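Asker: Here's a structure for you.
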Amino acid sequence: MLHLLQRAVSNGLNLQTNMPVTSISPSASGLGRWTATTSRGPITATKVIFATNAYTAGLLPEYATKIVPSKGICCRIVTPPSSTHPTLKNTYVLRLPNDGFDYLVPRKDGSLIVGGARTTFFKDHATWYNTTDDSTLISSAASYFDNYMQMHFHGWEDSGARVDQIWTGIMAYTSDELPSVGEIPGREGCFIAAGFEGHGMPVIWLVMKGIAEMVAMGRRFEEVRIPRVYKTTRERLESEIDLLAPKKKG
């Protein structure tokens with residue numbers, strides 16, 4: 001990712017970091033332009049891409065019940081240098097009782113990235129739902145990953161695996177469990193790629209390639225290789241399926 005950014009900057013991209021956009025509005029000059037109000041002054045453009053994921057509703061209120069910020073938890077597990085245990089080479093999804101599931105990603109340095117723990121907090125909506133505060137852990141899940149490998153994987157019982165780091169982050173849950181991609185209804189020249197429900201990495205590369213073709217080459221959504229169910233439409237925005245409250249499981 002940093003390599004791609006470096007190439008873009010070397011080709012003339014004006015990259016501004018740590019500069020929040022507080023609002024987007026039609027430009028006073030008209031001509032189909034939009035003005036982004038930022039901490040460093042206004043920016044005017046004919047085309048705008050909203051890659052805002054969980055924070056979309058802050059700039060696009062029409063998505064407030066369609067893309068909702070939701071808190072998750074993840075950790076890094078390590079083992080002592082002298083540890084002997086089976087080597088994990090694949091990524092995993094662990095289906096657990098009470099409609100829970102975790103995910104596990106082995107790293108080249110031997111550590112493991114493990115996230116999930118939803119069975120400990122999912123019913124307590126106040127701890128995770130509709131929040132952008134990632135400054136604290138979900139307290140009920142803070143010890144969930146202790147002895148995780150010893151409990152769930154054969155051959156790891158005496159591995160000494162322990163949590164090295166643990167953190168939280170904000171994901172974007174959506175009302176219909178699908179991303180919103182394409183030109184935003186009623187906002188000509190504005191494009192969105194958001195709402196990936198914690199699964200952005202498998203799809204975001206080709207999604208953004210399609211968005212780039214729409215913006216730079218004027219192609220329609222149907223002309224780029226993006227699943228048609230991802231298309232953001234007025235029908236989806238006006239659907240009665242809202243994420244005003246989390247879906248109840250079980």
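Values in this text are rule-based calculations from the coordinates and carry no lab data. All values reported here derive from a predicted model rather than from experimental measurement. So basically every Cβ, Gly included, is an ideal-geometry build from the backbone, and we count neighbours across all protein chains shown.
Asker: So which of LYS71/LYS231; LYS47/LYS108; LYS71/LYS209; LYS66/LYS123; LYS66/LYS209; LYS89/LYS123 end up more than 31 Å apart by C-alpha? List each step's numbers first, then the result.
Answerer: Values: LYS71/LYS231 25 Å; LYS47/LYS108 40 Å; LYS71/LYS209 28 Å; LYS66/LYS123 20 Å; LYS66/LYS209 24 Å; LYS89/LYS123 33 Å.
In this structure, LYS47/LYS108; LYS89/LYS123 exceed 31 Å between Cα atoms.
Asker: So how many Å³ per residue does the convex hull of the Cα atoms of the stretch 71-171 work out to?
Answerer: On the way: hull volume 10.2 nm³, N = 101.
Normalising the Cα hull of the stretch 71-171 by residue number yields 101 Å³.
Asker: Karplus couplings for the stretch 143-150 from phi (6.51 cos²θ - 1.76 cosθ + 1.60, θ = phi - 60°), rounded to Hz, Gly and Pro as x?
Answerer: Result, ordered by residue: 9, 4, 8, 4, 6, 4, 5, 4 Hz.
Asker: Rounded to the nearest 0.05, what FRET efficiency is calculated for THR131 and ALA64 with R0 set to 22 Å and r the Cβ-Cβ distance? If you can, show how the numbers build up before the last one.
Answerer: Details: r = 14 Å, r/R0 = 0.63.
E between THR131 and ALA64, to the nearest 0.05, is 0.95.
Asker: Skipping prolines and chain starts, which residues have an amide H placed within reach, meaning under 5 Å, of the one on THR52, given they are 5 or more residues away or on another chain?
Answerer: For THR52, whose amide H was placed from the backbone, the distant partners under 5 Å are ALA193.
Asker: Between LEU2 and TYR92, how high is the FRET efficiency from 1/(1 + (r/R0)^6) when r is the Cβ-Cβ distance and R₀ = 25 Å? Nearest 0.05. Please report the intermediate quantities before stating the final value.
Answerer: Values: r = 27 Å, r/R0 = 1.10.
Efficiency, rounded to the nearest 0.05: 0.35.
Asker: Cα centroid distance between the stretch 1-77 and the stretch 130-172, in Å?
Answerer: 30 Å
Asker: Moving on. If we sort 156-165, 109-118, 90-99, 35-44 on the protection proxy, mean other Cβ atoms within 10 Å, highest first, what's the order?
Answerer: Numbers: 156-165: 15.6, 109-118: 18.7, 90-99: 10.5, 35-44: 13.1.
Top of the packing list down: 109-118, 156-165, 35-44, 90-99.
Asker: Bin all alpha-carbon pair distances of the stretch 152-250 at 10 Å intervals from 0 and give each bin's fraction as a whole percent.
Answerer: Calculated over all Cα pairs of the stretch 152-250, the distribution is 13, 35, 24, 15, 10, 3 percent.
Asker: Can you show me the helix-derived [θ] at 222 nm for the chain, built from DSSP H runs with n ≥ 4 at -39,500 (n - 2.57) apiece and divided by the number of residues, rounded to the nearest 500.
Answerer: Details: 4 runs with 33 residues, N = 250.
About -3500 deg cm²/dmol.
Asker: Continuing with this model, one more query. Antiparallel as a % of all DSSP beta bridges within the chain, to the nearest 5?
Answerer: Values: 40 of 44 bridges.
Looking only at bridges with both residues in the chain, the antiparallel portion is about 90 percent.
Asker: With a cut-off of 17 Å, note down the residues of the stretch 34-74 whose backbone N falls inside the zone around a label point 7 Å from the Cα of SER25 toward its beta carbon.
Answerer: Under 17 Å, as judged by backbone N against the label point of SER25, lie 34-45, 58-62 of the stretch 34-74.
Asker: Also, I was wondering about something else. Working from the pairwise distances between different alpha carbons, so that the mean of 1/r is found and then inverted, what is the chain's Kirkwood radius in Å? List each step's numbers first, then the result.
Answerer: Details: mean 1/r = 0.0486 Å⁻¹.
Every distinct Cα pair counted, the radius reaches 20.6 Å.
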